[in-house]
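Colleague: One structure coming up, written as structure tokens, with questions to follow.
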């Protein structure tokens, strides 16, 4: 995979909508160190409280934002190099690396165009294949923060993600059970979930 393909792109980042009241007060209602509360504990707390907003997690130079609505994790974005939709599609054998590079080149001439949309419109992939790849990337981002024990967290209430059609809707308990099952810690059928 080329270096250019691994760099985060601004056009792939979600936009957050912040209500005016929150902007004026710069409200954060929950913050602290990940050494005291893990990402899993924070997500369970937000789920139990049926909270809506953005959970910002920082570890070294890495930053991940998890958007929750009514306590359900809906969208994740990461600042550092992370798994991309094109990587997932290539890994699954659904598209060749050359096709991804070609679409990325076209995308440079058409800023704001989404790779998945271009692949669907060209007939190369179905919407369901793109959706599955986006969900795999989102799940990968969420799973990536679970082991973080150094760093900080802040929760910004009422911030919502906009401009993203694929939402996770992750239940924290299901996610954690899946992680434990995949790791062989608890019995289960890990084949039901696709690895990212």
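The values are calculated or read from the model by the stated rules, or taken from the named source; none is laboratory data. Bear in mind that the values here come from a model prediction, so they are computed numbers and not experimental data. In this analysis, Cβ positions are derived from the backbone assuming ideal geometry, glycine residues included, and neighbour counts consider all displayed protein chains.
Colleague: State all residues of segment 138-150 that are in contact (Cβ under 8 Å) with a residue 24 or more places away in the chain and within 22 Å of residue 173 (Cβ to Cβ); if no residue qualifies, say none.
Modeller: Result: 138, 139, 140, 141, 142, 143, 144, 145, 146, 148, 149.
Colleague: Same structure again: In this structure, does residue 63 turn out to be under 27 Å from residue 154 (Cα atoms), assigned to a loop (DSSP other than H, G, I, E, B) and without any contact (Cβ under 8 Å) to a residue 24 or more places away in the chain?
Modeller: When the stated conditions are applied, residue 63 does not pass them.
Colleague: Within segment 134-164, how many residues turn out to be part of a loop (DSSP other than H, G, I, E, B), at pLDDT 85 or above and more than 16 Å from residue 70 (Cβ to Cβ)?
Modeller: Of all residues in segment 134-164, those part of a loop (DSSP other than H, G, I, E, B) come to 146-151, 158-159, 163-164.
Still in the list and also at pLDDT 85 or above: 146-151, 158-159.
Next, only the ones that are more than 16 Å from residue 70 (Cβ to Cβ) stay: 146-151.
Summing the residues that are part of a loop (DSSP other than H, G, I, E, B), at pLDDT 85 or above and more than 16 Å from residue 70 (Cβ to Cβ) in segment 134-164 gives 6.
Colleague: Same structure again: Could you figure out which of (1) modelled with pLDDT of 90 or more; (2) assigned to a loop (DSSP other than H, G, I, E, B); (3) surrounded by fewer than 17 Cβ atoms within 10 Å (Cβ to Cβ) isn't true of residue 51?
Modeller: Residue 51 satisfies every listed condition except (3).
Colleague: For segment 165-181, check the following and say yes or no: at least one residue is at pLDDT below 85, farther than 25 Å from residue 54 by Cα and surrounded by fewer than 20 Cβ atoms within 10 Å (Cβ to Cβ).
Modeller: Yes, some residue in segment 165-181 is at pLDDT below 85, farther than 25 Å from residue 54 by Cα and surrounded by fewer than 20 Cβ atoms within 10 Å (Cβ to Cβ).
Colleague: Can you pull out the residues in segment 96-121 that are part of a loop (DSSP other than H, G, I, E, B) and either under 26 Å from residue 161 (Cβ atoms) or in contact (Cβ under 8 Å) with a residue 60 or more places away in the chain (or both)?
Modeller: 110, 111, 112, 113, 114
Colleague: Oh, and also: Could you check segment 66-91 and list, in sequence order, the residues that are surrounded by fewer than 20 Cβ atoms within 10 Å (Cβ to Cβ), touching a residue at least 60 places away in the same chain (Cβ under 8 Å) and in a loop (DSSP other than H, G, I, E, B)?
Modeller: 79, 80, 81, 82, 83
Colleague: For residue 36, only one of the following conditions fails: (1) buried (at least 18 other Cβ atoms within 10 Å of the Cβ); (2) at pLDDT 90 or above. What is its number?
Modeller: (1)
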